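The values are calculated or read from the model by the stated rules, or taken from the named source; none is laboratory data. Since the model is a prediction, treat every value here as computed from it, not as a measurement. Because the Cβ atoms are built from the backbone with ideal geometry, glycine has one as well, and the counts that use them run over all protein chains shown. Surface accessibility is based on the protein's heavy atoms, side chains included, excluding ligands, DNA and RNA. Shrake-Rupley method; radii C 1.70, N 1.55, O 1.52, S 1.80 Å.
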Amino acid sequence: MPDWRTMKTLIVGRDEMKGLVTMPEVVDLVERAFRAHGQGNYIMDPKFHIIIPRYGGEWEAMPSYLGEPESAACKWVAIRDKNREKYGLSTVISTIVYTDPETGFPLMICDGTYHTNMRTGASGAVSAKWLARKDSKSIGLVGAGGVAVGAIRSMACVGQYEEVKVWSRQKKNADGFVDKMRKEFEYDMVAVDSVKDAVDTDIVITSTLAMSPVVKDEWISEGTHIAALGADMEGKQELEAKLLKRSRIFMDDAGQCIRDGEINVPLRKGELKIEDVVGTIGEVITGKKKGRITDSDITIFDSTGIALQDAAVITLEYKRALEKGVGIMKRMNGTGYADF
């Protein structure tokens, strides 16, 4: 047992976070987080938003306790629409505080942006593992940012694919994505000019900031699986409501998805009823709900990104950071329990 009175907090930056865990490990931990959710072995409220109109963005607070592997963490997310063009910063900046569940001691404070791209992408892969057709060979990416990078890397952990189509609002981003990812994978990978071309695939992964549908119902063939990773805030929507109506829909968390997920707008407009949603991905993994029933089913995973994913992955990242000796150690709690 550590001596908590002399314990120090590990502080780790973004570059040091890279490479601490492998993509297969992240996929496995994210799946375990969803399993714990399906079992009810967690404590978590929906993510909390503070909208900052003055700066064109918001803050999100995401605390959670995970029963297995036991972990407690809180992610603080800043989203600023003008960061990239005005300051050369990421649009999304995340910081994670990882704490000991029993004492509440801050074990690690670290960058959460790279971590988030990995675990968000991994959620799409977990959904494909459980919901996509087993003979799926092609992937369509709608959006070519950091989440798409995490998605394509994690998909390699759950299946054998041959073709990848990539679309972005700015063609140069799709081209850059393809140039980069071709160095890692031997897929037949191409940047396409339209969303319609991108979604003509077995599996579709969306990761845009769209506030109105970019994927039309008429473009999606029977048997397609869609991992909708973009909608994570009230008003966001990537998929046409008619597409949701003819699909089997699974959420990461009901509380978050009803308010912030892909289903949030159609529910408020009366284009969809909560009864149209089958359940959560955790319920599929634990056998409580059936996922895909036939090869002709269209399945949709509505992923808002839940704090349990962070709590699951950060445990191993902390262990690896200690083993590799990265970051700096800092006394955060003073020299005693009463400093007055």
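Less than 5 angstrom separates the built amide H of G140 from those of K165, I203, V204, I205, all sequence-distant by 5 or more or on a different chain. Taking the square roots of five times each eigenvalue of the Cα gyration tensor of the stretch 72-128, the equivalent ellipsoid has semi-axes of 24, 19, 7 Å, listed largest first.
Just need log10 I(q)/I(0) for the chain at q = 0.08, 0.13, 0.16 Å⁻¹, Debye formula, equal scatterers on the alpha-carbon atoms, no solvent, rounded to two decimals. The calculated log intensity ratios at q = 0.08, 0.13, 0.16 Å⁻¹ are -0.37, -0.97, -1.45. Axis of helix 23-39 versus longest Cα principal axis of the chain: the two differ by about 90°, to the nearest ten degrees. Residues in the stretch 194-333 average 39 Å² of solvent-accessible surface per residue, probe 1.4 Å, ligands and nucleic acids excluded. Summary value for the stretch 162-219: 36 percent relative contact order, contacts being C-alpha pairs under 8 angstrom separated by 6+ residues. Each residue of the stretch 168-178 is assigned a 3J(HN,Hα), and the resulting list reads 9, 4, 9, 4, 4, 5, 5, 4, x, 4, 4 Hz, derived from the Karplus form 6.51 cos²θ - 1.76 cosθ + 1.60 (θ = phi - 60°), x at Gly and Pro.
For the stretch 172-276, GluC sites (Glu not before Pro) are listed when DSSP marks them as loop and at most 15 other Cβ atoms sit within 10 Å of their Cβ; the list is E184, E186, E222, E234, E271.
The solvent-accessible area of L209, taken with every protein chain present and a 1.4 Å probe, is close to 120 Å². Note: relative contact order over the chain, using C-alpha pairs below 8 Å and six or more positions apart, is 22 percent. Note that the stretch 101-245 shows a convex hull volume over its alpha carbon atoms of 143 Å³ per residue. Across the stretch 190-207, coupling constants 3J(HN,Hα) worked out from phi with the 6.51/-1.76/1.60 Karplus curve, θ = phi - 60°, read 9, 8, 10, 8, 9, 5, 4, 5, 5, 8, 7, 9, 6, 10, 10, 10, 9, 8 Hz, and Gly and Pro carry x. Taken one residue at a time, the phi angles of the stretch 270-277 give Karplus couplings (6.51, -1.76, 1.60, θ = phi - 60°) of x, 7, 8, 10, 4, 5, 6, 8 Hz. Gly and Pro are set to x. Each 10 Å bin from zero up to the one holding the largest Cα-Cα distance in the stretch 1-146 carries the following percent of pairs: 9, 31, 37, 19, 4, 0. Converting the Cα gyration tensor eigenvalues of the stretch 11-54 into ellipsoid dimensions via √(5λ) gives semi-axes, longest first, of 24, 23, 9 Å. Of the Cα atoms belonging to the stretch 126-210, the radius of gyration and Dmax stand at 11.6, 33 Å. With the whole protein complex present, C74 retains an accessible surface near 50 Å², based on a 1.4 Å probe. Sequence-distant contacts, meaning Cα pairs under 8 Å at least 6 residues apart, place the relative contact order of the stretch 204-340 at 27 percent. Counting only alpha carbon atoms, the long axis of helix 146-155 and the longest principal axis of the chain meet at about 80°. In the chain, taking the dipole from charged Cβ atoms about the Cα centre, the farthest positive-side position among A78, I285, Q170 is held by A78. Solvent exposure of the stretch 48-172 amounts to 44 Å² per residue of accessible area, where only protein heavy atoms count and the probe is 1.4 Å. D for the stretch 31-108, whole µm²/s, Stokes-Einstein with Kirkwood Rh over alpha-carbon pairs at 20 °C and 1.002 mPa s: what number? Using the Kirkwood radius from Cα pairs, D works out to 152 µm²/s. With Cα atoms defining each centre, the stretch 125-163 and the stretch 184-214 are spaced 11 Å apart in the structure.
Centre-to-centre separation between the Cα atoms of the stretch 254-282 and those of the stretch 291-323: 19 Å.
For K171, the lysines whose Cα falls under 23 Å of its own Cα, not counting residues fewer than eight places away in the same chain, are K82, K86, K180, K183, K196, K216, K236.
Charge dipole (Cα centre; +1 on Lys/Arg Cβ, -1 on Asp/Glu Cβ; no other charges) of the chain amounts to roughly 520 debye. FRET efficiency for the K288 to D197 pair, using the beta carbon distance and R₀ = 35 Å, is estimated at 0.40. Grab the other residues whose beta carbon is less than 15 angstrom from that of V30, score K and R as +1, D and E as -1, and report the net. Local net charge: -2. Across the chain, the longest run free of exposed loop sites, meaning trypsin sites (Lys or Arg not before Pro) lying outside DSSP classes H, G, I, E and B with no more than 10 other Cβ atoms within 10 Å, spans 184-330. Ligands, DNA and RNA left out, the 1.4 Å accessible surface of the chain is 51% carbon and sulfur atoms. The convex hull of the Cα atoms of the stretch 233-273, projected and averaged over all directions, covers 2.6 nm². Quote the accessible area belonging to Y87 in square angstrom, nearest 10, computed with a 1.4 Å probe and with ligands, DNA and RNA left uncounted. Surface open to solvent at Y87 totals about 140 Å². Relative intensity of the stretch 244-331 on a log10 scale, I(q)/I(0) at q = 0.17, 0.18 Å⁻¹, equals -0.75, -0.80, per a Debye sum over C-alpha point scatterers of equal strength in the absence of solvent.
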